[in-house]
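What follows is a set of notes on a single structure, which appears directly below.
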Amino acid sequence: KIIVVDNDHDVVGRSIITGLDSSNVFEITSTDTAGDSITIEDAKRLVIDGKYKMALIIPPKTTKKIRIVISHEIKKQIPMAGHKFKKKDRHSELTVFFDPIIRASFKTAILGTIREIIAKVQTQLVFKSYTKTIQSLNGKKNDGIFPMNLVRISEKTAGSHIQEKLPTSTQHNVPAWTVFAIFFMVIPLSGQIIFEKTEGTLHRIKISPL
């Protein structure tokens, strides 16, 4: 369970909430659904109380600051485009409060997901800003979305002679249960051998008048 305090109320905030929610891994509660009455301290307290595993704080004007930086970069190439650049607005900082008992692997996964979402949003904002600038120059409008995921990763095993085939349930279970059975047979058997040696059971049987 994750609680998101969206003080941005713009593209970045909405995209992060939508991206986390669409992963089907996290149960998202945001200020959009719970109301703007949730403050940063409230969210932090909810994490401390164990009701949420993490709280994500998106600061105000996050999207606006990104647009200002993009406009400044465009202005370097096209002086007529963009707004006045303010150095103090260059960076936004998202704050994440984690439950102290959360494993490091979960932190890495959630932070990686957030960074990926932000990278996609920034790409879209850059594309839209340049598109808008070019439109102001040549009058041609482009309502398209920047194409994403153009490069795919294909995983293969090195060596053409190696077959990438998973074992069947029988091929997997029979050796496993065989080793499992042997393991539990060896322990009592070795214990009995040691017990017989110390007690002399076989020797007493041999000398008994049977």
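The values are calculated or read from the model by the stated rules, or taken from the named source; none is laboratory data. No experiment lies behind these values; they were computed from the predicted model shown. Neighbour counts run over all protein chains shown; Cβ positions are idealised from the backbone, glycine included. SASA here: full protein model, heavy atoms, side chains in, ligands and nucleic acids out. Shrake-Rupley method; radii C 1.70, N 1.55, O 1.52, S 1.80 Å.
A few notes on this one:
- Complete set of residues in region 45-76 that are among the charged types (D, E, K, R) and either open to solvent by 70 Å² or more (accessible area, probe 1.4 Å) or under 15 Å from THR95 (Cα atoms) (or both): ARG45, ASP49, LYS51, LYS53, LYS61, LYS64, ARG67, LYS75, LYS76
- Cβ-Cβ under 7 Å pairs, at least 6 apart or on other chains, region 118-137 side surrounded by 18 or more Cβ atoms within 10 Å (Cβ to Cβ), far side not in a helix (DSSP H, G or I): THR133/ILE78; THR133/ALA81
- The single condition among (1) modelled with pLDDT of 85 or more; (2) closer than 28 Å to GLN135 by Cβ; (3) of a type in the set (Asp, Glu) that GLU73 does not meet is (1).
- For THR201, the test of being within 30 Å of LYS120 (Cβ to Cβ), of a type outside the set (D, E, K, R), modelled with pLDDT of 80 or more and open to solvent by less than 80 Å² (accessible area, probe 1.4 Å) is failed.
- Test: GLU196 is over 30 Å from PHE97 (Cα atoms), in a helix (DSSP H, G or I) and among the charged types (D, E, K, R): yes
- Residues of region 90-105 that are of a type in the set (Gly, Ala, Ser) and part of a loop (DSSP other than H, G, I, E, B): SER92 alone.
- Residues that are part of a loop (DSSP other than H, G, I, E, B) and open to solvent by less than 50 Å² (accessible area, probe 1.4 Å) were ranked within region 11-44; the one that is modelled with the highest pLDDT is PHE26.
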